[in-house]
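Any read-out appearing in this document is the output of simple, stated calculations on the displayed coordinates, not a laboratory observation. No experiment lies behind these values; they were computed from the predicted model shown. Cβ atoms come from the backbone with ideal geometry, glycine included; neighbour counts cover every protein chain shown.
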Amino acid sequence: MRNLVIAGNWKMNGSQTFAQEMREALDNADFSERITTVVFPPFLAIHAMLGSGKFAVGAQNCYTEQSGAYTGEVSPELIADAGCQYVLVGHSERRTLLGETDQVVGKKVKLAVFAGLTPVLCVGETLDERESGNFKDVVEQQVVAGLKELNGDEVKQVVVAYEPVWAIGTGKTASADQAQEVHAHIRSVLNSAFDGAGDAISILYGGSVKSENAAELLGCADIDGGLIGGASLNSKEFITICRIAADSH
Ligand code: PGA
């Protein structure tokens with residue numbers, strides 16, 4: 001049985017006041033033990049979210065080295081040391097806006113695993129790539145490159161998030177069929193690259209997930225949770241999605 005994960009990516013949102021309010025709302029919510037809930041606040045709000053028994057905490061990014069003269073960067077080791085369990089790697093906003101390559105992503109994933117974190121490797125095609133029809137190849141290439149430094153045991157520590165770029169923050173969601181098709185492809189790529197390990201790896205869907213479309217998406221056989229952006233900034237909405245997830249499996 002794969003772990004069902006609902007993760008909230010706050011992106012560059014989340015003041016100290018916001019974090020305190022969200023913390024209170026999540027701590028008081030009635031979460032099902034059947035799902036794992038994770039929040040990804042900006043670095044400066046991580047501290048306010050640590051130590052809850054209801055949800056885990058992750059960072060939205062990490063650097064490609066564990067320590068040293070890298071002003072302004074934060075390593076997987078420091079993220080783990082602060083008490084986080086997760087780190088997002090290769091989010092499309094970082095790939096597009098900050099030029100993060102597959103090679104950089106692969107290195108970050110490896111170091112995150114080494115530091116004892118669960119990296120959430122984000123992959124997904126652009127609208128052009130979707131329309132050109134080769135979106136499965138694009139996603140496959142990102143998955144293979146992102147995990148290429150891992151062995152069959154290490155890969156089981158990873159979560160993959162399929163987030164079609166055209167669905168992120170746009171209000172356009174992939175249909176359940178479109179999402180399931182890519183998730184099944186990712187799983188078969190993982191199974192053949194890592195000797196069957198794909199069946200144990202959670203693959204989340206991300207891109208305009210909200211309470212209205214969560215049940216349909218999470219009901220798909222190969223969708224093991226969601227990476228939620230905009231809708232995770234509203235505690236009621238986020239908690240509703242967590243409940244829908246718990247009921248879906
Ligand atoms: P969205 O973002 O839910 O706002 O589309 C998802 C993400 O970027 O992780």
Using only helices, what value at 222 nm comes out for the chain when you add -39,500 (n - 2.57) per DSSP H run of length 4 or more and divide by the total residues, to the nearest 500 deg cm²/dmol? -12500 deg cm²/dmol
Distance between modelled label sites at Phe43 and Lys236, nm, 7 Å Cα→Cβ extension: 3.5 nm
To the nearest 20 Debye, how big is the dipole of the chain about its Cα centre, given +1 on the beta carbon of each Lys and Arg and -1 on that of each Asp and Glu? 320 debye
Which value, in debye to the nearest 20, describes the size of the charge dipole of the range 1-83 about its Cα centre when Lys and Arg Cβ atoms bear +1, Asp and Glu Cβ atoms bear -1, and nothing else is charged? 260 debye
Give me, ordered by chain and number, the residues 5 or more places off Val57 or on other chains with an amide H under 5 Å from its own placed amide H. Val39, Gln85, Tyr86
From the phi angles alone, apply the Karplus equation (6.51, -1.76, 1.60; θ = phi - 60°) to the range 171-176 and give each ³J(HN,Hα) in whole Hz, x where the residue is Gly or Pro. x, 8, 9, 5, 5, 4
List the residues of the range 208-249 whose backbone N lies under 14 Å from a point placed 7 Å from the Cα of Ala25 along the Cα-to-Cβ direction. 211, 229-243
Around Gln60: net Lys/Arg minus Asp/Glu count, Cβ-Cβ under 10 Å: +1
Protection proxy ranking of 129-136, 87-94, 174-181, 239-246 - average other beta-carbon atoms within 10 Å, highest first: 87-94, 239-246, 174-181, 129-136
Just subtract the alpha-carbon distance of Leu98 and Gln178 from 0.36 nm times their residue separation and send over the number in nm, one decimal. 26.0 nm
Inter-probe distance in nm under a simple model that places probes 7 Å from Cα toward Cβ, at Thr126 and Thr71: 3.2 nm
Here are some pairs, Lys54/Lys107; Lys11/Lys236; Lys110/Lys236; which of them have Cα atoms lying more than 25 Å apart in this structure? Lys54/Lys107; Lys110/Lys236
Per residue of the range 232-241, in order, report the coupling 6.51 cos²θ - 1.76 cosθ + 1.60 (Karplus, θ = phi - 60°) as ³J(HN,Hα) in whole Hz, putting x for Gly and Pro. 7, 8, 10, 4, 4, 5, 5, 5, 4, 4
When the Karplus curve 6.51 cos²θ - 1.76 cosθ + 1.60 is applied with θ = phi - 60°, which whole-Hz ³J(HN,Hα) does each residue of the range 199-205 get, with x for Gly and Pro? 5, 9, 9, 6, 10, 8, 9
Please give the contour-minus-distance gain from Ser211 to Lys136: 0.36 nm per residue of separation, less the Cα-Cα distance, rounded to one decimal in nm. 24.3 nm
Which one, Trp166, Gly152, Val113, projects farthest toward the positive side of the charge dipole computed for the chain from Cβ point charges (K/R +1, D/E -1)? Val113
Positive dipole terminus of the range 1-138, leading residue within Ile35, Ala25, Ala45 (C-beta point charges): Ile35
Measuring from its Cα centre, the range 70-172 shows a charge dipole (+1 at each Lys and Arg Cβ, -1 at each Asp and Glu Cβ) which, in debye to the nearest 20, is 100 debye
Lys/Arg Cβ at +1, Asp/Glu Cβ at -1, dipole of the chain taken about the Cα centre: which of Asn191, Gln16, Val209 is farthest positive-ward? Gln16
